[in-house]
Amino acid sequence: MSVEGNKATVRRFYEEVMNKGKVDLLDELMDAEFDDHGEALFGSPHGREVIKQGIIATHSILPDLHVTIEDMIGEGDMVGVRGTMRCTHKGEWLGVDPTGNELTWKGIAMFRLANGRIMQRWFNSDGLSIVQQLGLVSPMG
Amino acid sequence: MSIEENKVAIRRLFEAISTGNTDVLNELLIPNREALKNGITAFRAAFPNAKLIVEQLFAEDDKVVCHVAVSGKHQKEWLGATSTGKEITWTASLITRFDNGKMVELWAIRDELSMMQQLCIIPAIGG
């Protein structure tokens, strides 16, 4: 797959799976043995099924979750993405009852693809900002 | 400047962070070089044995993307925590934009939540 083909796959992951909740598309876009290398808040799940369940659960709490892709950078089998996540806090999340507040945070992710499928991801989301917006941690200077 | 030269510049920056030798930054085109040097020196004071491993580094056009894993023993005030003596690890993801070999823009997210949890500034959340 070309860099442009890999970028198109990653774009579909965000625009169709993450934003529209079409988790069955993951069978096409992601390897069954997908490996995540995440941060403290979202963790590092293993396997496409775990990711599917995670996205379904996230959509039940944050039904209007929308990822805006701000930038994509590709080389070889890697695609980097800088994005902004926005959603309304409609269900209990991290023990916090729904507030109806709009939450927004930033993320940077790197995907490794093989044969047109997402194999691995390395990412950081601004988890500290999320827990601050949820009122779990006071904002610090 | 080429994509490969931009990558080399990022590796030099990480070398400065890994070793504390900020003189390697003198050859790089960086705005606010002295502020960056001071930041690295303060970081090395808090984590004198800090190690940085570059896990991913790739580039296209004017941007370099990377993911690094950092570890170090906490020896001096950091993020409001006084010296804990704890060995902690975290990751960071960065995108740097170059213009003619000069680093002109940086987007970076480090796992500050994890750092603060490991330093026991805040309780465990998520994961």
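General observations
- Protection proxy ranking of B:18-26, A:113-121 - average other beta-carbon atoms within 10 Å, highest first: A:113-121, B:18-26
- Neighbouring Cβ atoms from other chains, within 10 Å of the Cβ of residues in A:40-52, number 2 on average.
- Helix axis angle, A:48-61 relative to chain A longest principal axis, alpha carbon, degrees: 30 degrees
- More than 28 angstrom apart: percent of Cα pairs within chain A: 16 percent
- Cα centroids of the range B:55-116 and the range B:12-48: 12 Å apart.
- Remark: the range A:105-119, residue by residue, has Karplus-estimated 3J(HN,Hα) of 8, 10, x, 10, 10, 10, 10, 10, 10, 9, 6, x, 10, 6, 9 Hz, where x stands for each Gly or Pro and the curve is 6.51 cos²θ - 1.76 cosθ + 1.60 at θ = phi - 60°.
- Between B:Ala108 and A:Asp24, the C-beta separation translates, for a Förster distance of 35 Å, into a calculated FRET efficiency of about 0.50.
- Cα gyration tensor, the range A:56-116 - rounded (a/c under 1.5), prolate or oblate: prolate
- In this structure, the residue pairs whose Cα-Cα separation is over 30 Å, taken from A:Lys52/B:Lys51; A:Lys90/B:Lys51; A:Lys106/B:Lys51; B:Lys7/B:Lys73; A:Lys106/B:Lys102, are A:Lys52/B:Lys51; A:Lys90/B:Lys51.
- Shape category assigned to the protein assembly as shown from the gyration tensor of Cα positions, a/c cut at 1.5: oblate
- Cα gyration tensor, the range A:9-82 - rounded (a/c under 1.5), prolate or oblate: rounded
- In this simple spin-label model, placing a label point 7 Å from the Cα along the Cα-to-Cβ direction at both A:Asp64 and A:Asp77 gives a separation of 4.0 nm.
- Within the straight-line cut-off of under 16 Å between alpha carbons, the aspartates and glutamates reachable from B:Lys76 are B:Glu87, sequence neighbours fewer than 8 places apart in one chain being disregarded.
- Average projection area in nm² (convex hull over Cα atoms of chain B, one quarter of hull surface): 7.7 nm²
- Using bins of 10 Å that start at zero, the share of Cα-Cα pairs per bin across the range B:1-63 amounts to 21, 49, 28, 3, in whole %.
- Relative to its residue count, the range B:65-127 spans a Cα convex hull of 109 Å³ per residue.
- Segment B:Ile3-B:Glu77, length gained on full extension (0.36 nm per residue, minus Cα span): 22.9 nm
Bear in mind that the values in this text are calculations on the coordinates, not laboratory data. Note that the coordinates shown come from a computational prediction; the quantities given were computed from them, not determined experimentally. Ideal geometry is used to build each Cβ from the backbone, glycine not excepted, and the neighbour counts take in all protein chains shown.
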